[in-house]
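Student: Once you've had a glance at the structure underneath, I'll fire off some questions.
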Number of protein chains: 2
Amino acid sequence: MQMMSSQTKPEEGGVDFALCPRFEQTFSFLGKKWNGLIIDVLLQEGPQRFKDLAHKIPRCSDRVLVERLKELEYNGVIVRRTFPDNSLIEYELTQKGEEFKDIMAAVHAWSDKWYCPTEADQK
Amino acid sequence: MQMMSSQTKPEEGGVDFALCPRFEQTFSFLGKKWNGLIIDVLLQEGPQRFKDLAHKIPRCSDRVLVERLKELEYNGVIVRRTFPDNSLIEYELTQKGEEFKDIMAAVHAWSDKWYCPTEADQK
DNA sequence: CTGAATCAGGGTGGTACCGCGAAGCTTCGT
DNA sequence: ACGAAGCTTCGCGGTACCACCCTGATTCAG
């Protein structure tokens with residue numbers, strides 16, 4: 001029973017969706033660069049430390065990764081767990097986050113079916 | 001057997017996804033403002049004229065709508081059909097576009113379940 | 001025939017903001 | 001003391017989005 005909406009509040013990077021349906025928010029949220037990737041890694045590989053995420057998404061800088069993680073936490077999609085004893089920090093999906101898996105599956109299916117390599121794939 | 005990829009080419013508004021998986025492209029594409037909405041309207045109400053789309057998505061300016069429609073056509077998601085006799089122009093989904101419906105359904109389901117109104121909904 | 005209205009956009013200009021790199025800072029382990 | 005992990009602060013460039021105005025084609029009223 002989260003109080004969160006899907007607006008991306010941290011650093012005030014959000015769009016005014018006052019008259020747009022809910023799912024436009026969701027798309028905008030997932031479409032934000034790296035968000036989909038982060039959620040996908042967490043879905044597939046479980047809770048991750050910051051450096052593991054950074055390592056698995058090498059093209060995303062620390063700066064941006066922190067930003068995204070804070071947004072995701074603010075939106076109730078992930079939680080940041082600290083283990084006080086060994087000072088370990090892990091990010092894991094909440095239930096709200098886990099339930100992205102249907103969307104992920106659908107998007108994966110579509111992408112696998114319709115993606116065609118172009119110039120951008122050469123390098 | 002389209003030759004199209006999911007990059008948004010018109011006006012060069014795309015991201016370099018060279019090392020990112022396919023579905024990140026898809027998210028970025030759908031997450032682009034108004035794209036999800038446009039596809040959703042076409043899915044639910046069939047082929048539409050420009051003015052009908054503009055009317056159903058009032059907060060999207062003509063300028064941006066034209067842009068989005070061109071991108072969607074470039075990406076093989078919609079087609080722009082002209083009827084020479086009565087000079088009618090309609091936009092309709094291709095098969096590639098129709099098959100977004102699974103994604104749309106999943107996103108709708110998630111959004112309906114997890115969306116909570118906040119300040120942004122007052123106005 | 002003339003004028004108005006509708007449709008499908010194009011052109012310009014401006015601002016907010018998104019994504020980013022670089023570098024510093026704090027806490028912890030050893 | 002030194003390095004790694006996990007951020008934070010500063011500042012930048014590009015561009016996405018929008019408002020406003022304009023065009024050309026077609027249709028409709030009278």
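Student: Just name the residue that is nearest to B:G76 (Cα to Cα) out of those in the range A:97-122 that are modelled with pLDDT of 95 or more and among the charged types (D, E, K, R).
Tutor: Going through the qualifying residues, I end up with A:D102.
Student: Quick check on the range B:84-96: of everything there that is among the hydrophobic types (A, V, I, L, M, F, W, C) and either more than 15 Å from the chain's Cα centre (by Cα) or at pLDDT below 95 (or both), which residue is surrounded by the fewest Cβ atoms within 10 Å (Cβ to Cβ)?
Tutor: This residue is B:L88.
Student: Same structure, new question: What are the pairs, 6+ residues apart or on separate chains, where a residue within the range A:40-52 that is more than 14 Å from chain B (Cβ to nearest Cβ) has its Cβ under 7 Å from a residue that is assigned to a helix (DSSP H, G or I) and within 16 Å of DNA strand C (Cβ to nearest atom)?
Tutor: Listed pairs, sorted by first residue: A:Q48/A:V41.
Student: Mind listing just one residue for me: the one in the range B:66-98 that is within 8 Å of DNA strand C (Cβ to nearest atom) and not hydroxyl-bearing (S, T, Y) and, of those, nearest to B:L37 (Cα to Cα)?
Tutor: Filtering the range B:66-98 for residues that are within 8 Å of DNA strand C (Cβ to nearest atom) and not hydroxyl-bearing (S, T, Y), the one nearest to B:L37 (Cα to Cα) comes out as B:L69.
Student: For the range B:34-77, enumerate the residues that are closer than 22 Å to A:T26 by Cα and β-branched (V, I, T).
Tutor: Within the range B:34-77, B:I38, B:I39, B:V41, B:I57, B:V64, B:V77 qualify.
Student: Tally time: how many residues in the range B:54-82 are away from chain A (no Cβ under 14 Å) and more than 13 Å from DNA strand D (Cβ to nearest atom)?
Tutor: Matching residues across the range B:54-82 total 4.
Student: From the set of residues in the range A:91-112 that are of a type in the set (D, E, K, R) and in contact (Cβ under 8 Å) with a residue 40 or more places away in the chain, which is farthest from B:Y115 (Cα to Cα)?
Tutor: The qualifying residue farthest from B:Y115 (Cα to Cα) is A:E92.
Student: Give the residues of the range B:61-90 that are part of a helix (DSSP H, G or I), touching a strand residue (DSSP E or B) at 6+ places or on another chain (Cβ under 7 Å) and either closer than 28 Å to A:N75 by Cβ or in contact (Cβ under 8 Å) with a residue 40 or more places away in the chain (or both), sorted by residue number.
Tutor: B:L72
The values are calculated or read from the model by the stated rules, or taken from the named source; none is laboratory data. Just so it is clear, the structure is predicted and the values come from calculations on it, not from any experiment. Neighbour counts run over all protein chains shown; Cβ positions are idealised from the backbone, glycine included.
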